[in-house]
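The values are calculated or read from the model by the stated rules, or taken from the named source; none is laboratory data. Since the structure is predicted, the reported quantities are computational estimates derived from the model, not experimental observations. For neighbour counting, all protein chains shown are included, and Cβ atoms are generated from backbone atoms with ideal geometry for every residue, glycine included. Just the protein is used for accessible areas: all its heavy atoms, side chains included, with ligands, DNA and RNA removed. Shrake-Rupley method; radii C 1.70, N 1.55, O 1.52, S 1.80 Å.
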Amino acid sequence: MQKHLKWLLPPLAGMTLLAGCGKPAAPAASEKPAAPAVSAPQASQTDKPAAANEAVELTFYYPVNVGGPVMKVIDGMTNKFMEKHRNIKVKPVYTGNYGDNTIKIQSGIQAKQPPDVAVMMSTELYSMLDTNAIIPLDDFIAKDPGVNMSDFYPAFVEDTQTGGKTYSIPFQRSTIVLYYNKDMFKEAGLDPEKPPKTWDELIEYGKKLKKEGRAGLEIPGNDDSYWMLQLFALQNHTDPKQNLMMADGKKVMFDTPENLEALQYWLDLSRKHKVMPEGVIDWATVPTDFIQGKTAMMIHTSGNLTNVKNNAKFDFGIAFPPMKKQYGSPTGGGNLYIFKDTSPKKQAAAWEFVKFMTEAEQAAQFSVATGYVGVRKSAFDTETMKSYAASFPQALVARDQLQYAHAELSTHNHGKVSTALTNQIQAALAGTTDPAGALKKAQEEAERALAPFNK
């Protein structure tokens, strides 16, 4: 996401052309099944880290797609790692938003000079495999007793694995949550401790909150529109396997009756019920409008939590996005990947960095500082997180929502597939096509893009 700006890039065979969330950044009863067992160690990764007197230098790419001090936080974490590992020098490179980040990594792969380690969208998994750009991490995991993949939340592990192997580690992760202005709730006669829980209630509340110069609700609909449609689609299904795509990344299900109802509901919020501005609303505009009091509610990435906390001059609440048949949200944001066209010693050093960046204490501090979700369960057992949650309980909402969360849309040829859906959603929001026609065309374009992977 969580988030999540995505851009159409010049083609690279099989590689994603888009950058989600955040995306930041984004939002527990029973958990999903545990992650599959890791595979046997890979020969190319058996080299140990360089000796203490042998320096290793790593290039680390990372994007920022939300408001807040993420760059400063990343630099601080990197410096802390280098204090602990004197022989490993890490050069953090801020690469812009997720789209810019993908372009730079794509260029490095083409030139056979990729970064040694990078934060990339979780949706990049199949594209990275299609270009043979990343290494599996199973040998590192299997040989490292300090790493327990079951400590990571299953909803975040879901998009790190395929074919029984693990290719990335959750890091900068998010879900989609509802933000609401408690002061405006009071003004409208609504209980500030009872946010809307259903689609119908969202409409009802939006009507009461809307007034001249203020929207009742805003939802971004530009480059992250498929992420938001996935939110409504998951809420309108009772079978968690009925996501927008199959787990193998080779098939999508865009034009189902449930998804059509989900898209129609989104459009009705503005056109029929008038609780939201019509047309396509920009990703960055929504949190700005919320902070400035131009909208009473927003549905956005949980990765904007710290941004809102630090800048809103009013009391606000966080809640699960209202449901239809069930609660649900796609996960968003980025994982840590290690690249293939680097030396085994650099890969081993990169693993030490990945391991450090996702330790429980680091995950807790990163969550507190940025608003992203702590990616592992043990992060919430740290004093850092316990103290923060006690003073700011809103920080636990996204974590609690993970029991209802599922992987973001991710497929082979992901750029063309997700762009097909994004373009058609935007056309529907803009009023240049109807919802049924939009999803039908998106399905047809996606099937053509996926045809080479289904032979």
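Miscellaneous remarks
- Selection status of Glu408, under 19 Å from Glu258 (Cβ atoms) and surrounded by fewer than 19 Cβ atoms within 10 Å (Cβ to Cβ): no
- Verdict on Met253 being surrounded by 16 or more Cβ atoms within 10 Å (Cβ to Cβ) and either touching a Lys or Arg at 6+ places or on another chain (Cβ under 9 Å) or over 30 Å from Lys182 (Cα atoms) (or both): yes
- Once segment 80-117 is narrowed to residues that are of a type in the set (D, E, K, R) and closer than 14 Å to Ala133 by Cα, the residue that is surrounded by the fewest Cβ atoms within 10 Å (Cβ to Cβ) is Lys112.
- Taking the numbered list (1) among the aliphatic types (A, V, I, L, M); (2) at pLDDT 95 or above; (3) crowded, with 24+ Cβ neighbours inside 10 Å in turn, Leu305 passes all entries but (2).
- Only listed residue being within 25 Å of Asn307 (Cα to Cα), open to solvent by less than 30 Å² (accessible area, probe 1.4 Å), at pLDDT 95 or above and not basic (Lys, Arg), chosen from Ala442, Ala438, Ala420, Ala398: Ala398
- Scanning segment 271-311 for residues that are of a type in the set (D, E, K, R) and under 20 Å from the mean Cα position of the chain (by Cα) turns up Asp282, Lys309.
- For Ile425: the one exception among (1) hydrophobic (A, V, I, L, M, F, W, C); (2) touching a strand residue (DSSP E or B) at 6+ places or on another chain (Cβ under 7 Å); (3) within 30 Å of Leu202 (Cβ to Cβ); (4) assigned to a helix (DSSP H, G or I): (2)
- Residue that is farthest from Ser174 (Cα to Cα), among those in segment 348-368 that are part of a helix (DSSP H, G or I) and open to solvent by 30 Å² or more (accessible area, probe 1.4 Å): Glu352
- Taken together, the residues in segment 118-174 that are of a type in the set (Lys, Arg) and open to solvent by less than 10 Å² (accessible area, probe 1.4 Å) amount to 1.
- Residues satisfying the stated conditions in segment 52-66, i.e. small (Gly, Ala, Ser) and either at pLDDT 80 or above or buried (at least 20 other Cβ atoms within 10 Å of the Cβ) (or both): Ala55
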